[in-house]
1. How big is the stretch 50-160 in terms of Cα radius of gyration and Dmax, in angstroms?
2. Taking +1 at the Cβ of each Lys and Arg and -1 at the Cβ of each Asp and Glu, which of Thr146, Phe156, Val186 sits farthest along the dipole of the stretch 138-190 towards its positive end, judged by Cα position relative to the Cα centre?
3. Checking the a/c ratio against 1.5 first, then a/b against b/c, what shape does the Cα gyration tensor give for the stretch 54-273?
4. Rounded, prolate or oblate: pick one for the stretch 159-276, where a ≥ b ≥ c are the square roots of the eigenvalues of its C-alpha gyration tensor, a/c under 1.5 means rounded, and failing that, prolate if a/b is larger than b/c, else oblate.
Amino acid sequence: MSNRRTRPPMRKPVATTPAWVMPAAVVGVLALLVATFLVIRWYTTPLPPPAPSTDTTQQIITKITTLPPSEFDAIGQGTASNLLKPVSGAPLTGSTGKPEVFYLGGEFCPFCAAQRWSLIIGLSRFGTFSGLQPTTSASDIEFPNTPTFTFRSAQFTSQYIDFRPVESSDRDRNPLQTPTAAEQKVFDQYDSSRTIPFVDVGNRYAFTGAMYSPSVLAGMTWQEVAAALQDPSSAPAKAIIGSANLITAAVCKMTGDQPSSVCSDATIQGLEKNLK
């Protein structure tokens, strides 16, 4: 009898997953998820409303800057929040030596978009704008595509005040305009949270943020906002014109109640008394 041992049959190696298969599967899944996200975003990101033509834009601006005094009186402060805070410092004057209203904002910002309506209406009681252009806030931010006008190329003429606007970023958040060193100092001094919009009224009053929620303008076109401002009972009118009245009162305090045709109005006088 042979002592030779019979070797057990060799076991067939157990199949193993190649090292490169799992990473490739993960990459494929991630690629699919990214593609799905982009497709969903493409179809769900709201598109901005079509901008009005040049002629229509001018008609809208004329309509909102020639509102009758009776409408300002009917609304008063409306639904606007009084964000104006007294500030101290050297009087802020503009390039022509008149008291200055300084604005710092950005075209992408929905709160800036909302506040510009009130600034345009309020300051138009002291002078005249030119070069305003329609735009909307960014599509990928809260309150997307809020209709508004940009100050990037705007000019303002007045015998009472200067207006200095700075749009720091465009709608895509690209750098646009830069404040001067003095303007940056004012912004840093009174807006430690670096919130926009920031508005300084002659270094007498300043405020940050919007006086009303941009949600008031959700889904509206420029024409629809302008039409709503003709109705003192509408939500846009109560918010926008109420804010414009507060701005008017602050400017009147800055100018020593000039012009009297605006500042002597009982509604403005009443709002002035509420300013510290």
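Bear in mind these aren't lab numbers, they're just calculated from the coordinates by the rules spelled out. Just so it is clear, the model here is predicted, and its values are computed rather than measured. Neighbour counts run over all protein chains shown; Cβ positions are idealised from the backbone, glycine included.
1. 15.2, 44
2. Toward the positive end, the furthest listed residue is Phe156.
3. Values: a/c = 1.43, a/b = 1.03, b/c = 1.40.
It comes out rounded by the Cα gyration axes.
4. Numbers: a/c = 1.98, a/b = 1.09, b/c = 1.82.
Cα axes put the stretch 159-276 in the oblate bin.
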